[in-house]
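The values are calculated or read from the model by the stated rules, or taken from the named source; none is laboratory data. Values in this document were obtained by computation on a predicted structure and should not be read as measured data. For neighbour counting, all protein chains shown are included, and Cβ atoms are generated from backbone atoms with ideal geometry for every residue, glycine included.
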Amino acid sequence: MLCFHSTSNLAIQAGKGLPDEQGCGAVLQRGCRLRQPGCILPRPPVLLRRRFLQAAAGAVLAVSLGADWAQSLAQPQPPAAPASGRTRFLAVADVGSGDANQRAVGAQMAAVHRRQPVDLVLLAGDNIYPSGDIRLVGKTFEEPYAALLAAKVPFHAVLGNHDIRTENGNPQIAYRPYGMKGRFYSVRKGDVEFFMLDTNGNAPWSQQLSWFRSALASSKAPWKVVVGHHPIYSSGLYGNNPELRAKLSSLMQRHGVQLYINGHEHNYERSRPIDGITYLVVGGGGAYLRPVLPTAQSAKAVSAYSFAELEATDKTLTVTAWDRNGKQIDRGVLVRKP
Ligand SMILES: [Fe+2]
């Protein structure tokens, strides 16, 4: 029995329940039918959402470290030596719970690196729940990714909506292991250039867009990848975002961006190419999951604790997604236009 969100494609299985912050308890009544008007799910009320996240953070702090985390500590990784001619990286978002789900995903990320080293890790925001408090960075970053950090794999983060709740994210920008050169910045590695954006509403948009325009125009990288926290195309709770699309998509199209990576949606989704751009949601990094139903724009959509492994050669960019148990949940190949 399913109920649909009024402005997105989200379906909630009646009776299964989502956290109260979604307001589902009030609407998922017995007898609820598909697309029945009484079953419309309202937008999450801000106050309820805050209360839920505060409570969740309290619970997170009370959780002791699990066995998988202890295991990753016991196995220090050898230094990374990525294969030449290939750029390999991991992408994950909405990680900052500090709980067993985040640690399980972190352990699988380390396992991928052990099998075949990666050059870097992208964190697509909501790095620390509930409010970006840098004092929680041990629990939400240093511990879950200790094996990757010990192997000296660089991380590069962007700010999510939760991260800016403390001093507008400035303590995270100053925290060097997050690899942020600023609120927005670019990183070049091999054939890939990463454009890291602050997609929050209060970002310095005119300054950022002017930098983005000229950084894209001057980039000679064969692969251009943009990373922001918020979705542009999504089949999850928030759905497509016309406002962000208006800000970014035509610019990305004009300058040959092939991939946009985001979180905010707590699920995994890879879109079909939309005007030449693939939109990749990697929000299964640790925060509680939400259900997702594939839509016509989805190549794959899964509600799973997960992350993506990406490998770029001069001709192809391969996306492989893994769940918290190391099971492959997606694989797709982007072919570069000459
Ligand atoms: Fe978010």
>> Conditions first: (1) of a type outside the set (S, T, Y); (2) surrounded by fewer than 20 Cβ atoms within 10 Å (Cβ to Cβ); (3) farther than 24 Å from E143 by Cα. V257 passes all but one, so which condition is the exception?
In response: (2)
> Can you tell me which residues in the stretch 288-338 are more than 18 Å from the chain's Cα centre (by Cα), part of a strand (DSSP E or B) and surrounded by fewer than 15 Cβ atoms within 10 Å (Cβ to Cβ)?
Replying inline: T316, V333, V335
> Looking at (1) in contact (Cβ under 8 Å) with a residue 60 or more places away in the chain; (2) away from the ligand (no atom under 12 Å from the Cβ); (3) in contact with a strand residue (DSSP E or B) (Cβ under 8 Å, 6 or more places away or on another chain), which is the one condition that is false for A124?
Replying inline: (2)
>> So in the stretch 141-180, with the set limited to residues that are buried (at least 23 other Cβ atoms within 10 Å of the Cβ) and touching a Ser or Thr at 6+ places or on another chain (Cβ under 7 Å), which one is farthest from P204 (Cα to Cα)?
In response: A147
>> For the stretch 228-237, which positions are within 16 Å of the ligand (Cβ to nearest atom) and either out of contact with any Lys or Arg (no Cβ under 9 Å at 6 or more places or on another chain) or of a type in the set (A, V, I, L, M, F, W, C) (or both)?
In response: G228, H229, H230, P231, I232, S234, L237
> What residue, of R135, R50, R88, R114, is modelled with pLDDT under 95 and of a type in the set (K, R)?
Replying inline: R50
>> Regarding the stretch 242-254, can at least one residue be identified that is surrounded by fewer than 21 Cβ atoms within 10 Å (Cβ to Cβ) and within 16 Å of the ligand (Cβ to nearest atom)?
In response: yes
> Of the residues S306, S250, S271, which single one is free of Cβ contacts under 8 Å to residues at least 40 places away in the same chain and under 26 Å from V118 (Cβ atoms)?
Replying inline: S271
>> Need the failing condition index for L149 against (1) among the aliphatic types (A, V, I, L, M); (2) under 15 Å from V92 (Cβ atoms); (3) under 18 Å from the mean Cα position of the chain (by Cα), just the number.
In response: (3)
>> Please verify whether A312 is among the hydrophobic types (A, V, I, L, M, F, W, C) and either touching a helix residue (DSSP H, G or I) at 6+ places or on another chain (Cβ under 6 Å) or under 26 Å from D119 (Cβ atoms) (or both), treating the condition exactly as stated.
In response: yes
